[in-house]
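The values are calculated or read from the model by the stated rules, or taken from the named source; none is laboratory data. All values derive from a computational prediction rather than experimental measurement. Neighbour counts run over all protein chains shown; Cβ positions are idealised from the backbone, glycine included. Ligands, DNA and RNA are excluded from the accessible area calculation, which covers all protein heavy atoms including side chains. Shrake-Rupley method; radii C 1.70, N 1.55, O 1.52, S 1.80 Å.
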Amino acid sequence: MLYTIKHQTTNKPLFSGNFHSFKEAVEQAIKDYVPLDFADFSNQCLGMANLDGGSFRFAKFHNTQMHSANLSECNFEGAQFNHCILDNSFLCESTLNNAVFINNGMSGCDVAASNLKSTIFSGYSSLSLNFRDSDAIEDCIYYDQNKNTCLFSQAPIVIYGLSKRLVCFNNLVDVNGVLHDIRLIHTHNIHSDIKGIATTLNRLLAKDL
């Protein structure tokens with residue numbers, strides 16, 4: 001069957017050919033060193049695809065199935081990932097600068113040795129990423145469920161086992177999807193044990209342990 005990978009705004013063909021699936025078409029484009037910048041991969045199935053080394057600058061991934069895909073050593077600068085399934089995928093050693101990750105499934109997704117500069121995240125699943133193993137974290141942004149923003153340049157701390165979901169940044173804490181400033185935490189209705197944990201962690205971070 002003929003499959004065509006198109007530019008997201010001009011619909012100009014970037015690569016086409018006869019393949020058994022759209023995934024095979026994308027894999028062959030990578031093997032042929034065809035850049036797929038600005039391509040539209042919306043609503044496609046790329047689960048378990050091997051896209052190692054591909055160029056996907058400013059590409060659009062909306063509702064794209066990409067579980068267990070090899071996305072290592074790729075250039076995803078400015079790419080948009082919206083409601084995608086990225087569980088157990090590999091983004092190791094990839095460029096993710098200025099990329100946008102909104103409400104994706106990212107459980108088990110590996111970003112070791114990747115570059116994260118001005119990268120945007122939204123959705124709790126994204127906070128479970130192994131940020132500390134990335135090559136660089138700089139001026140990244142996290143949006144909570146109320147569209148409040150948190151700027152971070154170091155790995156957030158995710159705490160499991162509490163009655164409420166708790167993620168600590170520098171001076172901001174995400175409690176069940178809502179950001180709170182712990183410097184003003186007395187003005188919020190937050191349980192005292194969570195307040196204590198957040199404050200303690202902030203002091204530890206300040207000591208750079």
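So the values come out like this:
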read-out	value
Selected residue (criterion: most open to solvent (accessible area, probe 1.4 Å)) from residues of region 96-127 that are under 20 Å from Asn70 (Cβ atoms), hydroxyl-bearing (Ser, Thr, Tyr) and out of contact with any strand residue (DSSP E or B) (no Cβ under 6 Å at 6 or more places or on another chain)	Ser107
Selected residue [under 18 Å from Leu151 (Cα atoms), among the polar types (S, T, N, Q) and without any contact (Cβ under 8 Å) to a residue 40 or more places away in the chain] from Thr119, Thr95	Thr119
Residues of region 54-74 satisfying the condition of being hydroxyl-bearing (Ser, Thr, Tyr) and either open to solvent by 40 Å² or more (accessible area, probe 1.4 Å) or part of a loop (DSSP other than H, G, I, E, B) (or both)	Thr64, Ser68, Ser72
Hey, Lys23 surrounded by 15 or more Cβ atoms within 10 Å (Cβ to Cβ), over 24 Å from Asn98 (Cβ atoms), modelled with pLDDT of 95 or more and of a type in the set (Lys, Arg) or not	yes
Scope region 12-33; condition in a loop (DSSP other than H, G, I, E, B) and closer than 20 Å to Met66 by Cα; matching residues	Phe19, His20, Ser21
Residue count for region 129-180, restricted to those that are assigned to a strand (DSSP E or B), open to solvent by 40 Å² or more (accessible area, probe 1.4 Å), at pLDDT 90 or above and over 22 Å from Ile85 (Cα atoms)	3
Where Glu77 falls short, out of the listed (1) assigned to a loop (DSSP other than H, G, I, E, B); (2) touching a helix residue (DSSP H, G or I) at 6+ places or on another chain (Cβ under 9 Å); (3) crowded, with 16+ Cβ neighbours inside 10 Å	(2)
Identity of the residue in region 109-125, at pLDDT 95 or above and of a type in the set (Gly, Ala, Ser), that ends up farthest from Phe76 (Cα to Cα)	Ser122
